[in-house]
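S.K.: Mind looking over this structure? Questions follow.
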Amino acid sequence: MTPRHPLLMIPGPVEVSPSVREAYSVRPPGHLVPEVIEAFGGSLEMMRRVWLAPSSAQPFIVPGSGTTAMDLAVWNLVEPGDVVVVVNTGYFSDRAVEMIRRAGATVVDLTCVPGEVPNVSRAEGAFDDLERAGKKAKALFATHVDTSTGVRVDPEPLARLARARGALSIFDGVCATAGERFAMEAWEADVYLTASQKAIGIPAGLGLLVASERALAARDARKTPPPLSLDWNSWRTIMQAYEARKPSYFATPPTNLILALAVGLREILEEGLEARVARHARVAGALRAAWEKLELRSVPARPGIHADTLSALRFPGGVDATLVARIAERGVVVAGGLHPRIRSEYFRVGHMGYATTRIDFLMKTVEAVGAGLATFLARVDTDGALAVLLEAVQATPGSA
Ligand code: PMP
């Protein structure tokens, strides 16, 4: 029997901290009461710090999800006739391609096999080709961590490339922000977006995005406005009012989530961004060691491109996609495959936010995966996997 509250170890939504849960679970306040105004204004300020963004950048908190945040970026920056270079690492990059095309632009789609990352030199080549043809790319788009393959791109050289070629850079950080390194100001990135339910560590329901001054100017220079509810200019004065601790209204915010967001962001900053990112890396490394003991191979094709926020693991010979249900029977929810080309060949385990502070959650997950595998295979070294997990997590100070 599956327990009533199974451990949620999918790549979002994630388990949230007790303080976040408490903040969220209050009687719904109005959007113009002082606590909500304070939480909203404080969250906008904290977002700049979590994004490592300059003071001139504008944070946006909007009702919706990661997809809404992607649409916000695309519809404000992409116009009919534009060209956008997409560094495509999987399912969510494909989604961006579809959005950019719907906004009327031409996409230079730099694809690769699932589990790989297109080289920066290919992106450079794409800009060169466009320049030779007398065209200029408006923007470069990349998915920081593609949740369908578990690969991570290095955003820094891509942001620098876009800047050098006079294009905007847009990064989808939905499965990365606050779990992977991103330095918006230092790298001169233009948009970094995410959703509330992943490494930020609160329930689903908010799209979060920070836009640079250059990106805001590009919105202002548009010939036609985006749809009203996606228009940065609909939201910007509201964000500015909340940051000045003044009530304001454009569309009703989910107030419980705003209260939870302020607590979640404060937890991130109290721990320190660097320490938090380091913990995600340490936990991911420890889990990789455990997966190896269980003879599970990763979808990411080589070291250095593994995300630290999730594991994408191929089914070994003799194991099929019913593994996910067999793991769930042991009280742990993991996710099935998502990338259309390899969907039935792998499964995914999320390790973001609060769960990365809980060695008991990590142990339970490895134990459930090992037990699930043992329903198919004669020899599964679950004890060995648990031992390497513990050892690797504790090997470095400030263990999970
Ligand atoms: N981009 C990435 C990288 C994602 O992982 C997801 C969600 N898994 C999305 C975009 C879409 O986010 P949402 O499901 O919150 O709309």
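S.K.: When the Karplus curve 6.51 cos²θ - 1.76 cosθ + 1.60 is applied with θ = phi - 60°, which whole-Hz ³J(HN,Hα) does each residue of segment 253-260 get, with x for Gly and Pro?
M.R.: Working through the residues one at a time gives x, x, 5, 4, 5, 5, 4, 5 Hz.
S.K.: Before anything else, pin down the relative contact order of segment 9-163: Cα pairs under 8 Å, at least 6 apart, normalised by residue count, whole percent.
M.R.: Rounded, it is 19 percent for segment 9-163.
S.K.: Order these by the 10 Å Cβ neighbour count, fewest first: Asp190, Asp220. Kindly include the intermediate steps, with their values, before the conclusion.
M.R.: Numbers: Asp190 27, Asp220 10.
If I rank by nearby Cβ atoms, fewest first, I get Asp220, Asp190.
S.K.: Classify segment 262-371 as rounded, prolate or oblate, taking a ≥ b ≥ c as the square roots of the eigenvalues of its Cα gyration tensor: rounded when a/c is under 1.5, otherwise prolate if a/b is larger than b/c and oblate if not.
M.R.: Prolate, because a/c is 1.5 or more and a/b exceeds b/c.
S.K.: For segment 229-235, in order, what is each residue's ³J(HN,Hα) by Karplus, 6.51 cos²θ - 1.76 cosθ + 1.60 with θ = phi - 60°, in whole Hz (x at glycine and Pro)?
M.R.: Here the 3J(HN,Hα) series is 6, 9, 6, 3, 6, 6, 9 Hz.
S.K.: While we're looking at this one, here's another question. Extent of segment 312-390 along each principal axis, from alpha carbon coordinates, in Å, largest to smallest?
M.R.: Over segment 312-390, Cα extents along the principal axes are 33, 31, 21 Å.
S.K.: Counting other C-beta atoms within 10 Å, which of Asp128, Asp231, Asp308 has the fewest, and how do the rest follow? Walk me through the numbers on the way to the answer.
M.R.: Values: Asp128 12, Asp231 17, Asp308 27.
Ordered by Cβ neighbours within 10 Å, fewest first: Asp128, Asp231, Asp308.
S.K.: Note down, for the chain, the three equivalent ellipsoid semi-axes (square root of 5 times each alpha carbon gyration tensor eigenvalue), biggest first, whole angstrom.
M.R.: The three semi-axes for the chain are 35, 27, 17 Å.
S.K.: Can you tell me the relative contact order of the chain? Whole percent, Cα pairs under 8 Å, sequence separation 6 or more.
M.R.: 24
S.K.: Answer rounded, prolate or oblate for segment 97-227, using the Cα gyration tensor with square roots of eigenvalues a ≥ b ≥ c: rounded when a/c is under 1.5, else prolate when a/b is larger than b/c, else oblate.
M.R.: Oblate, because a/c is 1.5 or more while a/b does not exceed b/c.
S.K.: Report, in deg cm²/dmol and to the nearest 500, the calculated mean residue ellipticity at 222 nm for the chain, where each DSSP H run with n ≥ 4 adds -39500 (n - 2.57) and the sum is divided by the residue count.
M.R.: -13000 deg cm²/dmol
S.K.: Taking 8 Å as the Cα distance limit and 6 or more residues as the minimum spacing, I'd like the relative contact order of segment 209-326 as a percentage.
M.R.: 14 percent.
S.K.: Taking amide H positions as placed in the peptide plane 1.01 Å from N, state which residues far from Leu168 in sequence (5 or more) or on other chains have amide H under 5 Å from it.
M.R.: Ala139, Leu140
S.K.: About the Cα centre of the chain, what is the dipole size in debye to 20, counting +1 per Lys and Arg Cβ and -1 per Asp and Glu Cβ, all else neutral? Write out the running numbers ahead of the final one.
M.R.: Details: 43 positive and 43 negative charges, 83 e Å.
About 400 debye.
S.K.: So, in nm, how far is label Arg358 from label Asn233 when the simple model puts each one 7 Å beyond its Cα toward the Cβ?
M.R.: 4.6
S.K.: Then there's this: Does segment 114-158 classify as rounded, prolate or oblate by the C-alpha gyration tensor (a ≥ b ≥ c root eigenvalues; a/c under 1.5 gives rounded; else a/b over b/c gives prolate, otherwise oblate)?
M.R.: Working: a/c = 2.72, a/b = 2.37, b/c = 1.15.
Cα axes put segment 114-158 in the prolate bin.
Any read-out appearing in this document is the output of simple, stated calculations on the displayed coordinates, not a laboratory observation. As the structure is a prediction and not an experimental result, all values here were calculated from the model. All Cβ positions, glycine included, derive from the backbone under ideal geometry; neighbour counts span all protein chains shown.
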